[in-house]
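To start, the structure under review is shown below, and the notes come after it.
The values are calculated or read from the model by the stated rules, or taken from the named source; none is laboratory data. Every value quoted in this text rests on a predicted model; they were computed, and no experiment measured them. Cβ placement follows ideal geometry from the backbone for every residue including glycine, while neighbour counts extend to all protein chains displayed.
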Amino acid sequence: MTVPSPVDPRSVPVRTLRSGAQLPAIGLGTFGSDHVSADIVGSAVRTAIDIGYRHIDCASVYDNERAVGAAISAAVADGVVARGELWISSKVWNDEHDDVAAACERSIRDLGVEHLDNYLVHWPFPNHHPPGCDIDERNPNAVPYSHDRFMATWAQMESLVERGLVRHVGTSNMTVAKLELLVADAHIQPTVNQMELHPHFQQPELFEWLQERQIVPIGFCPIGSPQRPERDTTPEDSAPTEDAAVRTVAERLGVHPAVVCVKWAEQRGQIPIPFSTTPRNMAANLEAVTTAPLTDDEMAMLTAADRNCRLIKGQVFLWRDGQPWTDLWDEDGTIAG
Ligand SMILES: NC(=O)c1ccc[n+]([C@@H]2O[C@H](COP(=O)([O-])OP(=O)(O)OC[C@H]3O[C@@H](n4cnc5c(N)ncnc54)[C@H](OP(=O)(O)O)[C@@H]3O)[C@@H](O)[C@H]2O)c1
């Protein structure tokens, strides 16, 4: 397969963390949605680096960190990139909140690096599910959110920074209510919060809360995750790539609607981390953040496209029978018990 022309990584915008560290304003996602093999994701990572990506979003639960690590090591060994030019993040899975160091050390080993640039708590609940499970699967030991328990996990995250294993720490799937508690008690503040963000789910309140505190929003499912696992689909879901405003802009630019989702995300101020194993799509997504910005009218039209349509509802992390998934998301500002 012919690899498309590389995008100059220096032309990719960056975001600056409160520490002063800078990271590329687009990353490659590596979750194969339970159906793309580790080897295919690994070769996608290598292609992405060849094309010009310098930011890779990993997680131990994606079950492909060894393949991703092999791709990174090969790219470094081949002289395509220096380790210091890459931003590599990973996440501790829900069943390792009590032993974060072991989880982090394993990710570091699997990824073949000496440190991670960022390490995130994947979900604020210690509730987990087996890979490939369906929407009704529940962990019998699942519990509601506990700030004390989360802070015990966060203290372990802070130790990793002190040991030099990770440069920064961050959160994922948090809410304003939970983050307010964390920032009040943390010794080391979160640098980023990874959250679902696309034109049909813009989370303006949380987004602005983060921006005001210099916590960078990282947007997952930026394209609406068309291949997401069955457990994350419900009949009321909508697809941002089918949105009329997204399609109008795509037509003007002569690109796929997915590319508009990525471009809008970067221009709005979050860091999108689109997944792709198709070199042409990877290249189009990377190029999108280097070309002329969307007009103010287009940005306004895309803001108006918000439908508050959360796709990754997280049902499998609930802790009571018959509980609504909204209990995970503190929509009225209260943490459900
Ligand atoms: N923190 C969390 O809890 C969490 C949750 C979900 C996801 N994530 C992270 O976010 C990443 C992205 O989310 P996601 O993978 O669910 O979904 P996504 O990035 O919204 O969508 C990926 C899909 O879009 C297609 N695509 C990508 N670029 C395209 C283009 N230019 N034109 C047409 N189609 C395109 C891909 O197909 P091709 O492969 O054919 O290009 C793939 O099927 C994950 O990989 C993971 O790293 C984190």
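Would you be able to tell me the number of residues in segment 192-225 that are closer than 17 Å to residue 177 by Cα, within 11 Å of the ligand (Cβ to nearest atom) and of a type in the set (A, V, I, L, M, F, W, C)?
Count: 2.
Which condition does residue 291 not pass, out of (1) near the ligand (Cβ under 10 Å from one of its atoms); (2) out of contact with any helix residue (DSSP H, G or I) (no Cβ under 6 Å at 6 or more places or on another chain); (3) among the polar types (S, T, N, Q); (4) not in a helix (DSSP H, G or I), if it passes all the others?
Status for residue 291: all satisfied but (1).
Filter segment 110-132 down to residues that are among the charged types (D, E, K, R) and either outside any loop (DSSP other than H, G, I, E, B) or more than 24 Å from residue 82 (Cβ to Cβ) (or both), then give me how many there are.
Number of matching residues: 1.
When you scan segment 9-94 for strands (runs of 3 or more DSSP E) that lie fully inside it, which ones turn up with 1 or more residues that are of a type in the set (Lys, Arg), within 12 Å of the ligand (Cβ to nearest atom) and under 17 Å from residue 273 (Cβ atoms)?
Details: elements: 14-16, 22-24, 55-57, 87-92.
Answer list for segment 9-94: 87-92.
Going by the structure shown, is residue 251 outside any helix (DSSP H, G or I) and away from the ligand (no atom under 13 Å from the Cβ)?
No; evaluated as a whole, the condition is false for this residue.
What are the residue pairs meeting all of these: first residue in segment 270-291, first residue modelled with pLDDT of 95 or more, second residue hydroxyl-bearing (Ser, Thr, Tyr), Cβ atoms under 6 Å, and 6 or more apart or on different chains?
Pairs that qualify, where the first residue is modelled with pLDDT of 95 or more and the partner is hydroxyl-bearing (Ser, Thr, Tyr), are 279/47; 282/276; 290/11.
Yes/no matrix, rows are residues, columns are (1) over 30 Å from residue 180 (Cβ atoms); (2) in contact with a Pro (Cβ under 8 Å, 6 or more places away or on another chain):
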| site | (1), (2) |
| --- | --- |
| 271 | no, yes |
| 277 | yes, no |
| 307 | no, no |
| 311 | no, no |
| 314 | no, no |
| 333 | no, no |
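Here's the yes/no breakdown for (1) in contact with an Asp or Glu (Cβ under 9 Å, 6 or more places away or on another chain); (2) farther than 22 Å from residue 217 by Cβ; (3) polar (S, T, N, Q):
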| residue | (1), (2), (3) |
| --- | --- |
| 110 | yes, yes, no |
| 121 | no, no, no |
| 129 | yes, yes, no |
| 134 | yes, yes, no |
| 141 | no, yes, yes |
| 151 | yes, yes, no |
| 155 | no, yes, no |
| 161 | no, no, no |
| 167 | yes, no, no |
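Does residue 138 fit the bill of being of a type in the set (D, E, K, R), modelled with pLDDT under 95 and more than 16 Å from the ligand (Cβ to nearest atom)?
yes
Run residue 234 past the list (1) modelled with pLDDT under 95; (2) away from the ligand (no atom under 14 Å from the Cβ); (3) within 18 Å of the chain's Cα centre (by Cα) and report the number of the one that doesn't hold.
Exception for residue 234: condition (3).
Is one or more of the residues making up segment 254-262 surrounded by 20 or more Cβ atoms within 10 Å (Cβ to Cβ), away from the ligand (no atom under 13 Å from the Cβ) and at pLDDT 95 or above?
No, that holds for no residue.
Can we say residue 266 is buried (at least 19 other Cβ atoms within 10 Å of the Cβ), among the charged types (D, E, K, R), farther than 30 Å from residue 148 by Cα and more than 15 Å from the ligand (Cβ to nearest atom)?
When the stated conditions are applied, residue 266 does not pass them.
For residue 221, are the conditions met, namely being crowded, with 23+ Cβ neighbours inside 10 Å and either free of Cβ contacts under 8 Å to residues at least 60 places away in the same chain or in contact with a helix residue (DSSP H, G or I) (Cβ under 6 Å, 6 or more places away or on another chain) (or both)?
For residue 221, the condition - crowded, with 23+ Cβ neighbours inside 10 Å and either free of Cβ contacts under 8 Å to residues at least 60 places away in the same chain or in contact with a helix residue (DSSP H, G or I) (Cβ under 6 Å, 6 or more places away or on another chain) (or both) - is not met.
Look through 54, 10 and report the one residue that is of a type in the set (Lys, Arg) and either surrounded by 15 or more Cβ atoms within 10 Å (Cβ to Cβ) or in contact with an Asp or Glu (Cβ under 6 Å, 6 or more places away or on another chain) (or both).
54
Would you point out which residue out of 159, 107 is surrounded by 14 or more Cβ atoms within 10 Å (Cβ to Cβ), in contact with a Cys (Cβ under 8 Å, 6 or more places away or on another chain) and assigned to a helix (DSSP H, G or I)? Break it down into steps so the answer makes sense when it comes.
Details: 159 fails: in contact with a Cys (Cβ under 8 Å, 6 or more places away or on another chain).
The conditions single out 107.
Identify the single condition in (1) assigned to a helix (DSSP H, G or I); (2) touching a residue at least 12 places away in the same chain (Cβ under 8 Å) that residue 300 does not satisfy, given that it satisfies every other one.
Among (1) assigned to a helix (DSSP H, G or I); (2) touching a residue at least 12 places away in the same chain (Cβ under 8 Å), the lone unmet condition for residue 300 is (2).
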